[in-house]
Amino acid sequence: MTASASASGQAAATTPPTATVPATTTTPPTATTAPTAPSGDTASAGTTRWAGTKQFMQIREGWISGGRTYLSVRTARKVAVTDPHEAWLIVPGEGPYTTVLMATDARVLLSVPLGDSSHPYPYSQTEFVNRLMAEPSSSRSGLGYDLSFDGKGRVTRLQSLYTS
């Protein structure tokens with residue numbers, strides 16, 4: 001579900017890729033279409049504003065490069081919906097996306113539609129990227145995630161919200 005309301009956008013550190021990554025691939029197809037990943041284990045200056053916080057976000061794309069998982073994110077809003085089922089309405093953010101790094105031991109909890117159940121269940125980072133990129137890009141804007149960041153701005157926990 002989506003709504004056409006706006007939330008405050010966030011500044012981006014990179015330009016998102018223009019090519020679609022197949023669901024069976026966890027790395028970008030070419031270096032020219034992939035966003036620039038932050039160097040080393042530290043987050044870029046644009047992502048440290050989220051350091052030590054929990055944010056509700058949209059994820060446009062995810063990929064694995066050099067054994068590390070990267071996400072293209074921007075903030076969004078969520079609105080509880082209780083009729084006919086208990087679920088969330090995702091209000092897309094505006095503005096550009098920012099690349100963030102997932103911690104190597106980050107926990108991924110998915111529920112419907114990316115997961116197989118309405119209750120959060122753990123998945124690997126690779127399986128998350130494959131499931132995310134299997135969704136059409138138009139559908140991804142209707143998905144939302146609670147992301148927890150460590151003190152360096154890396155994602156330590158990602159939980160998708162149930163959307164009917």
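The values are calculated or read from the model by the stated rules, or taken from the named source; none is laboratory data. Not measured: the values here are computed from a predicted model. FYI the Cβ positions are ideal-geometry reconstructions off the backbone, even for glycines, and counts take in every protein chain you see.
Quick one: T163 ticks every box in (1) surrounded by fewer than 16 Cβ atoms within 10 Å (Cβ to Cβ); (2) hydroxyl-bearing (S, T, Y); (3) more than 14 Å from the chain's Cα centre (by Cα) except a single one, so which number is it?
(1)
Identify the residue in the stretch 134-150 that is at pLDDT 95 or above and small (G, A, S) and, among all such residues, is surrounded by the most Cβ atoms within 10 Å (Cβ to Cβ).
So, considering only residues that are at pLDDT 95 or above and small (G, A, S), the one surrounded by the most Cβ atoms within 10 Å (Cβ to Cβ) is S148.
In the stretch 78-100, which residue that is small (G, A, S) and not in a loop (DSSP other than H, G, I, E, B) is surrounded by the most Cβ atoms within 10 Å (Cβ to Cβ)? Let's see the steps before the verdict.
Applying the first criterion (small (G, A, S)) to the stretch 78-100 yields 80, 87, 93, 95.
Cutting the leftovers down to not in a loop (DSSP other than H, G, I, E, B) gives us 80, 87.
Values: A80: 9, A87: 18.
Per the criteria, the residue is A87.
Let's see how each residue does on (1) among the small types (G, A, S); (2) within 23 Å of T156 (Cα to Cα); (3) modelled with pLDDT under 75:
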| residue | (1), (2), (3) |
| --- | --- |
| S8 | yes, no, yes |
| T24 | no, no, yes |
| T33 | no, no, yes |
| A37 | yes, yes, yes |
| R49 | no, yes, no |
| M57 | no, yes, no |
| I90 | no, yes, no |
| P96 | no, yes, no |
| D105 | no, yes, no |
